[in-house]
2 protein chains.
Amino acid sequence: MCQLLGMNANTPTDVMFSFTGLAARAREHKDGFGIAFFEDRGVRHFIDRDGASHSPVAEMVKRYPIKSEIVIAHIRKATVGAVALQNCHPFMRELWGRYWVFAHNGDLKGYAPRLHGAFRPVGDTDSERAFCWLLQELAKAHAAVPRVEELSRTLRELLPQPAAHGTFNVLLSNGQALWAHGSTRLYSVQRRHPFTAATLADEDLSVDFAAHTTPRDRVAVVATEPLTVGEDWEPFAPGELRVFAGGEAVARHRAGA
Amino acid sequence: MCQLLGMNANTPTDVMFSFTGLAARAREHKDGFGIAFFEDRGVRHFIDRDGASHSPVAEMVKRYPIKSEIVIAHIRKATVGAVALQNCHPFMRELWGRYWVFAHNGDLKGYAPRLHGAFRPVGDTDSERAFCWLLQELAKAHAAVPRVEELSRTLRELLPQPAAHGTFNVLLSNGQALWAHGSTRLYSVQRRHPFTAATLADEDLSVDFAAHTTPRDRVAVVATEPLTVGEDWEPFAPGELRVFAGGEAVARHRAGA
């Protein structure tokens, strides 16, 4: 299975520590990786067919402190679709003059939504198909980019539909907010003042966040497995949607609630 | 003004030599750079607000021999639009399940095409506006991805329209071919057997292509200025469109011809 990492901060923050934790898991996830950093409305989007433990692109990302308010990363173990660049997450499209970035953990069985809109998959993953369908339906629901609350309401109606076909742990962002949908396994952690130290679960690496932050900083991290020990990683309920903006969860919607 | 670099080869080829030549010019072009590499239907797309002479991303591109059949690169000196990531070329969108990559040298004065289709600019450059308009019109002209000849015919009708508003030296690709449109300054060079050595015009760097190629290799390079000395860089006529596929020009269309 793949691994997801999402980050939302209220001030541009680097994810080198968390990405190192994610890349440590890449030893068994050798079929590509990708990471997207929002910067204002622009996106830096890095993908590689090589695993994150070998890729020179991943090496650069670990060393180069790109600061961002919203980050989505993915490391891939191919289940559906060949090991090809066009199958690497996160996927990116433009809608309403905003870039949208999407990454998925899980499989969707027999998922063949009708794609009659402006978004077509380039590769052959069920994930990209679901992303295209989501954007197509968003484009029908709103004429221009709506507020985060309205987008969240529409996403609450849309996300259960692909999710009904299998496992649909998902990270989605357009730079305004980070939407995280849990299906079988997704966790988030809130970091805020007073910051403490954290140790990566898979590596002998610690960071003292207090040394790198101000009291006003807030950072939320989402991942398919807790990346650190000694922090309170909160599991998502099946079907739960959490919306992160300004470095914290601004809404939590349980399935059917 | 910005600088463009395009490459089309009949076998995956690295552009480190040409990109080094382009980056040498980045000393005065410090407002961002970008480079896109097609790999099958996928694209590696690197952009940075930093100039190519300082950017860690450009450093990685120079050291890491990414091999590709089609490459489009751009170094930017801001004329229209702020120095922001969303204004960095090349721009990328998806149409008909293919990624499209576009870079532009020049200014378009008072260019405000009607954008009523599925493509909206994220940044505020005239270039991205022209790209969105081109894709909107291509989407109207064909229901699915047509053959290169048909696309070229449509592009010959479309390209003069933004070009009428100013300077429109352009590189465009969807992975099938590289389209190069000259307005005021664009050159291409053909490299094929027997390969010779070339020396970068701006750097004390030479490469003996014969040592890195087989007799069957063919490579075409397009740039806003000849990058090497001792090679036959052929200028584009105003309004000329050259179509490159399989490492060579497969069509040349003069304006009005």
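Selection of first residues in the range A:1-22 that are at positive phi and of second residues that are aromatic (F, W, Y), restricted to Cβ pairs under 6 Å at least 6 apart or on distinct chains, gives an empty result.
Within the range B:142-163, being in a loop (DSSP other than H, G, I, E, B) and either at pLDDT 95 or above or under 22 Å from B:R242 (Cα atoms) (or both) holds for B:H142, B:V145, B:P146, B:R147, B:L159. Of note, A:F38 satisfies the criterion of being within 15 Å of the chain's Cα centre (by Cα) and hydrophobic (A, V, I, L, M, F, W, C).
Within the option set A:A220, A:A210, A:A255, A:A197, being small (G, A, S) and under 30 Å from A:G97 (Cβ atoms) holds for one residue only, A:A220. Restricting to the range B:60-70, count the residues that are under 18 Å from B:L4 (Cα atoms) and surrounded by fewer than 19 Cβ atoms within 10 Å (Cβ to Cβ). Residues that pass the stated criteria total 1. Give the range B:47-94 a look and list any residue that's of a type outside the set (S, T, N, Q) and in contact (Cβ under 8 Å) with a residue 60 or more places away in the chain, or say none. Those that are of a type outside the set (S, T, N, Q) and in contact (Cβ under 8 Å) with a residue 60 or more places away in the chain: B:E69, B:I70, B:V71, B:I72, B:A73, B:H74, B:I75, B:R76, B:K77, B:H89, B:P90.
When A:D48, A:D40 are screened for being surrounded by fewer than 19 Cβ atoms within 10 Å (Cβ to Cβ) and among the acidic types (D, E), only A:D40 passes. In the range A:239-257, of all residues being part of a loop (DSSP other than H, G, I, E, B) and out of contact with any Asp or Glu (no Cβ under 8 Å at 6 or more places or on another chain), the one that is modelled with the lowest pLDDT corresponds to A:A257. Looking at A:T224, A:T196, A:T184, just one residue is modelled with pLDDT under 90 and of a type in the set (V, I, T), and that residue is A:T196. For A:R216, the requirement of being within 20 Å of the chain's Cα centre (by Cα) and in contact (Cβ under 8 Å) with a residue 40 or more places away in the chain is not met. Mind listing just one residue for me: the one in the range A:21-48 that is touching a His at 6+ places or on another chain (Cβ under 7 Å) and small (G, A, S) and, of those, modelled with the lowest pLDDT? Out of the qualifying residues, it is A:G34. Checked against the criterion of being of a type in the set (A, V, I, L, M) and free of Cβ contacts under 8 Å to residues at least 40 places away in the same chain, the range A:164-181 contains one or more residues that satisfy it. Going by what's in this entry, would B:V148 be described as hydrophobic (A, V, I, L, M, F, W, C) and buried (at least 24 other Cβ atoms within 10 Å of the Cβ)? So B:V148 does not fit the description; no. For the range A:74-111, filtering for residues that are at pLDDT 95 or above and aliphatic (A, V, I, L, M) leaves 5. Only residues that are surrounded by 14 or more Cβ atoms within 10 Å (Cβ to Cβ) and in contact (Cβ under 8 Å) with a residue 24 or more places away in the chain were counted in the range A:102-141, giving 25.
Scanning the range B:191-205 for residues that are of a type in the set (S, T, N, Q) and either loosely packed, with under 14 Cβ neighbours inside 10 Å or in a loop (DSSP other than H, G, I, E, B) (or both) returns a single hit, B:T196. Looking at the range A:215-242, which of its residues are surrounded by fewer than 21 Cβ atoms within 10 Å (Cβ to Cβ), at negative phi and in contact with a strand residue (DSSP E or B) (Cβ under 8 Å, 6 or more places away or on another chain)? Scanning the range A:215-242 gives A:R216, A:D217, A:R218, A:E225, A:P226, A:V229, A:E231, A:D232, A:W233, A:E234, A:P235, A:E240.
The values are calculated or read from the model by the stated rules, or taken from the named source; none is laboratory data. None of the values given here were measured: they were computed from a predicted structure. No Cβ is skipped: glycine too gets one built from the backbone with ideal geometry, and neighbour counts run over all protein chains shown.
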